[in-house]
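The values are calculated or read from the model by the stated rules, or taken from the named source; none is laboratory data. Everything numeric in this text was worked out from a predicted model, so none of it was measured. Note: ideal-geometry Cβ built from the backbone for every residue, glycine included; neighbour counts use all protein chains shown. Note: areas computed on protein heavy atoms with side chains; ligands, DNA, RNA excluded. Shrake-Rupley method; radii C 1.70, N 1.55, O 1.52, S 1.80 Å.
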Amino acid sequence: VIGPVTLGMQISKEDRSTAADQETQAWGVAFNVNENLSLSYGERDIDFVDGSAGATVTEKVDGFAAAYTMGSIKIAGNRNEGTNMAGSSASNDSMTEIAVSFAF
């Protein structure tokens, strides 16, 4: 954490005996513009490594989020896009969400 900015990073490796091994690299950054507004962005790459076939497929996902709080009301939204989902080179996906919440 550096002032209003928060950074995060993850690196992991998963050796699987029945499926392709997975190597993950992910990072994200969040910025608190003020006490009411926050913005964030992140990326994740997962390499699906099939040792028997000698092939690697990389799933790539990135996303952006924003949230605004005013008293007990919060409005938040995010947009995420991914390619080669679950190691399948023909599988792409995206998701957009907008939420309004009230606290009582």
Checklist line | Matching residues in the range 3-19 - criterion: being of a type in the set (S, T, N, Q) and part of a strand (DSSP E or B) | finding: Thr6, Gln10, Ser12
Margin query: List the residue pairs whose Cβ atoms are under 9 Å apart, where the first residue sits in the range 1-19 and is over 17 Å from Ile46 (Cα atoms) and surrounded by 10 or more Cβ atoms within 10 Å (Cβ to Cβ), the second is at pLDDT 90 or above and among the hydroxyl-bearing types (Ser, Thr, Tyr), and the two are 6 or more positions apart or on different chains.
Written below: Pro4/Ser38; Thr6/Ser40
Next item on the list: Looking only at the range 76-88, count how many residues are open to solvent by 90 Å² or more (accessible area, probe 1.4 Å) and either in a loop (DSSP other than H, G, I, E, B) or at pLDDT below 95 (or both).
Entry: 0
Item checked: Residues (in a loop (DSSP other than H, G, I, E, B) and either modelled with pLDDT under 95 or among the basic types (Lys, Arg) (or both)) located in the range 20-34 -> Ala20
Next item on the list: Just give me the residues in the range 42-58 being part of a strand (DSSP E or B), open to solvent by 80 Å² or more (accessible area, probe 1.4 Å) and either of a type outside the set (D, E, K, R) or over 19 Å from Asn78 (Cα atoms) (or both), in sequence order.
Entry: Thr56
